[in-house]
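For reference, the structure discussed in these notes is given below.
Each reported figure results from applying straightforward, stated rules to the coordinates on display, with no laboratory input. Predicted, not measured: the structure shown is a model, and the values here were computed from it. Cβ placement follows ideal geometry from the backbone for every residue including glycine, while neighbour counts extend to all protein chains displayed.
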Amino acid sequence: MQQAKKFDDLRAVFVNGSIKKDKTGSHTQHLIDKAAGIMEHEGVTVDHIYALDYPIAFGMVKNGAENGQPDDAWPMLQKRILDADILVLATPIWLGAISSVTSLVIERLYAYSGDRNEKGQYVYYGRVGGCMITGNEDGMKHCARDILFCLQHIGYMIPPQADCGWVGEAGPGQSYGDLIEGTDKRTGFDNDFTNRNVTFMAWNLMYAARMLKDAGGWPAVGNTVDGWEHVANAKDPNPEYR
């Protein structure tokens, strides 16, 4: 039997891109709590960021003060994100697309994408990413595709089945986690498809983060900002960058 992995030195951060100011009404948070619970049970330290709890400036800037928006919490949130081995972006679907809050979060992440880590790679290298989607309209896989592309493009590694979600029946109706009238049950909580994919996502993110951490991050050959030209031609490798 394969020996169980240990994850108690890993950190994960979940960013909820709900557009509801009151987090207690967030259906997306119900789904986050399932994945976070799996990770916490395995010893992962989990951090939660409810984006609307903070003033986040608009724009491709590291600090809103750079363009006249001094009340900007993003530099502090960015540090919490960089402290984590795992980043999960969670969003509701509106008009078939990710929320405006999630788009804002992605833009602010992108503003730091040119920074470098200690190896000279882009700063998000050595971390893994995933996403969670909720709603009651079509578009779950479309939204997941958009988010996962953005995360991998800026340097996050995306493991297999790094997304999960629940959209229920298309059209107006109950959303994930709503109490079913006349019962103490919640909508979607017994959905095998969602529960399976939440479980797969949580474990695959932990496995990938474990492998990267044990390997000391992503190998720095051919992908360092200043060193890629030295190994571009395989016939002329430069050991300095290995």
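Quick notes on this structure:
- Every helix of 4 or more DSSP H residues in the chain counts as -39500 (n - 2.57), and over all residues that averages to -10000 deg cm²/dmol at 222 nm.
- Kyte-Doolittle mean at least 0.0 and Cα axial length at least 18 Å: DSSP H helices in the chain: 140-154
- Shown here: the stretch 160-219, whose C-alpha atoms stretch 54, 23, 14 Å along the first, second and third principal axes, sorted largest to smallest.
- Whole-number D in µm²/s for the stretch 56-117 (Stokes-Einstein; Kirkwood sum over Cα pairs; 4 °C, 1.567 mPa s): 103
- Packing-based order for 177-187, 134-144, using average beta carbon neighbours within 10 Å, highest first: 134-144, 177-187
- In the calculated pair-distance distribution of the stretch 102-161, the portion above 16 angstrom amounts to 47 percent of the Cα-Cα pairs.
- Low-density loop positions, chymotrypsin sites (Phe, Trp or Tyr not before Pro), the stretch 39-102 - DSSP coil, at most 15 other Cβ in 10 Å: Phe58
- Remark on the stretch 11-241: hydrodynamic radius 18.6 angstrom, per the Kirkwood mean of 1/r across alpha carbon pairs.
- Inter-part distance where the stretch 187-201 and the stretch 101-119 are each reduced to a Cα centre, Å: 30
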